Amino acid sequence: MPLTENIRRKLLLGYVAAFYLITAYKLVEGQFLSQFSPTFFQLSGDVFSWLLMQTGLHLWVLQHSWSFFLLDVLFYTAPLFLLTAYFFHRRLVNVAALFMLLVNWLYVQLFVLFPTNSIEGHLAWLLFPVVFIPASRETFYLLVRGLKYFFLFFFFSAGVWKIRQYGIFYVDEMSGILLQQHKELLIHPQKHWYKNFIYWLINHPSVSYLLYLGATTAELFFITGFFTNRFNRLLIIIFVAFLIADYVIMRIPYLEMTPFLLTLMADKKRDITTA
Amino acid sequence: MRFMFFKKLYRTDKRWFYVVSLFVLSQLFIFYKRGVTFAPFYNFGMYSEPILPAEEYHVYQVWVDGQMLNFNNFSPKKAEKILLPVYCFSDQPCKEKFFKDVIVRLLPKAGIHPVEERFLAHKSEADFLNEYRGYLGRTLNVDSQSIEIKNAVYRFRSGRLHFTSYTSLTSAVCP
């Protein structure tokens, strides 16, 4: 039975909605490149970033501060081109998707070369545009499934790493992580409920370890998504719980991973023609 | 991953089948090899190695108008925006070591001869502090002349961090 266009339309609208909700959050938090106006760059362990650095493009960007604004405009308007192409010039969708893919790569790679953020949280912007490139609905749907498998791997492998690197075998692990993560907050002499909460967790290693163990178990549970769609809703709930816990306990906002949730929501069965 | 997926993709679109297969193999290779990464293939091993409570911690304090900033009152993104440049600056000696030990050794194997000034910022402490004051002044909307950064050493004793001394801004220990 052939797929209808419904699933692609919903996914595109979902992606654009998520992108602009996150954009609003970033604007408020001063996370646009032009709001950072960085003054120097950093070196990472990513070979792709080395190739970019060898071109000297990041130095040119630093020397021409107006280019921060230009990059922001390109990155934050690219989804609008895709949306316009989809609804008014369908034949240009793949061109618009390819444009968005190139802009996202350029923007994210340059953004993380400056002291702003780590690249792993931006993976949705690097990969998602790919699914909108093929014209065929079948290929589109298979690429969405491929992206879902990547998302599942992302989480599942995070759980495997905790076993592979032995972090899971130490009861004091979470206490050590909390000290490392929050040391700047903990040293302030003023009283604060959050500081007390983190100190409480640090000084109750069994409780904090249970959080670590719970997170690892949740990550490992993502393997079920490779074999069945039955747990998709549960995986969505786990992911949202993970996002909230990461924000509250670790103060890591992983909002930019949320577009991947769309791959768990895309359901072929509800979007096929029976004619 | 279900092999049905690859079978269907092969039948539907061979070009995308090869692209996706290469993607999967590259990701698995990076996962297997650990070490360096190649976008968009990363290892998601954050907080997976043993990180146990240490005896001593180096903590950056940011002072504005003689008051230490209380990061409990900042959103995570704002706190990161304030602190990350300091961490990046203090990490410079380690990045220089990484450049000499890894990049200078690896890139020539691909016929690329890395230009040092494109990889290392070589920022002096005076230049960094001058620029950082301007950056932080804009970020917090405060007088940039009143900004001070200190690298403080704390000891973790009796369940609390206790101040012991101040040290230089770049006293990072490279892994």
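Do any helices (runs of 4 or more DSSP H) entirely within region A:119-230 hold 3 or more residues that are under 30 Å from A:L11 (Cα atoms) and facing chain B (nearest Cβ under 10 Å), and if so, which? Steps first, please.
Numbers: elements: A:123-127, A:137-164, A:173-186, A:193-202, A:205-221.
By residue number, A:123-127, A:137-164, A:205-221.
Conditions: (1) facing chain A (nearest Cβ under 7 Å); (2) farther than 27 Å from A:Y254 by Cα. B:P85 meets all but one. Number of the miss? Failing condition for B:P85: (2).
Screening A:P253 against (1) in a helix (DSSP H, G or I); (2) under 30 Å from A:T23 (Cβ atoms); (3) not aliphatic (A, V, I, L, M) leaves a single unmet condition, (1).
Selection of region A:36-55 for residues being under 23 Å from B:I30 (Cβ atoms) and either facing chain B (nearest Cβ under 7 Å) or within 20 Å of the chain's Cα centre (by Cα) (or both) yields A:Q42, A:L43, A:S44, A:G45, A:D46, A:V47, A:F48, A:S49, A:W50, A:M53, A:Q54. Applying the set (1) modelled with pLDDT of 95 or more; (2) more than 27 Å from B:L107 (Cβ to Cβ); (3) out of contact with any Phe, Trp or Tyr (no Cβ under 6 Å at 6 or more places or on another chain) to A:R137 leaves exactly one unmet item: (1). The residue list B:L28, B:L9 contains one member that is over 26 Å from B:K95 (Cβ atoms), without any contact (Cβ under 8 Å) to a residue 40 or more places away in the chain and within 7 Å of chain A (Cβ to nearest Cβ), which is B:L9. Checking each residue in region A:204-223 for being surrounded by 14 or more Cβ atoms within 10 Å (Cβ to Cβ) and farther than 20 Å from A:R164 by Cα picks out A:H204, A:P205, A:S208. From the list B:V20, B:V64, pick out the single residue that is in contact with a helix residue (DSSP H, G or I) (Cβ under 6 Å, 6 or more places away or on another chain) and more than 9 Å from chain A (Cβ to nearest Cβ). Step by step, each of B:V20, B:V64 is checked, and only B:V64 is in contact with a helix residue (DSSP H, G or I) (Cβ under 6 Å, 6 or more places away or on another chain) and more than 9 Å from chain A (Cβ to nearest Cβ). Screening A:L80, A:L102 for residues that are under 18 Å from the mean Cα position of the chain (by Cα), more than 13 Å from chain B (Cβ to nearest Cβ), surrounded by fewer than 17 Cβ atoms within 10 Å (Cβ to Cβ) and not polar (S, T, N, Q) leaves exactly one candidate, A:L102.
Residues in region A:19-35 that are among the polar types (S, T, N, Q) and within 12 Å of chain B (Cβ to nearest Cβ): A:Q31, A:S34, A:Q35. If I ask for residues that are crowded, with 16+ Cβ neighbours inside 10 Å and either closer than 30 Å to B:P93 by Cα or acidic (D, E) (or both), which ones from region A:21-34 would you list? Listed by number, the residues that qualify are A:E29, A:Q31, A:F32, A:L33.
The values are calculated or read from the model by the stated rules, or taken from the named source; none is laboratory data. Keep in mind the model is a prediction, meaning the values are calculated, not measured. Neighbour counts are summed over all protein chains in view; Cβ atoms, including those assigned to glycine, are modelled from backbone coordinates with ideal geometry.
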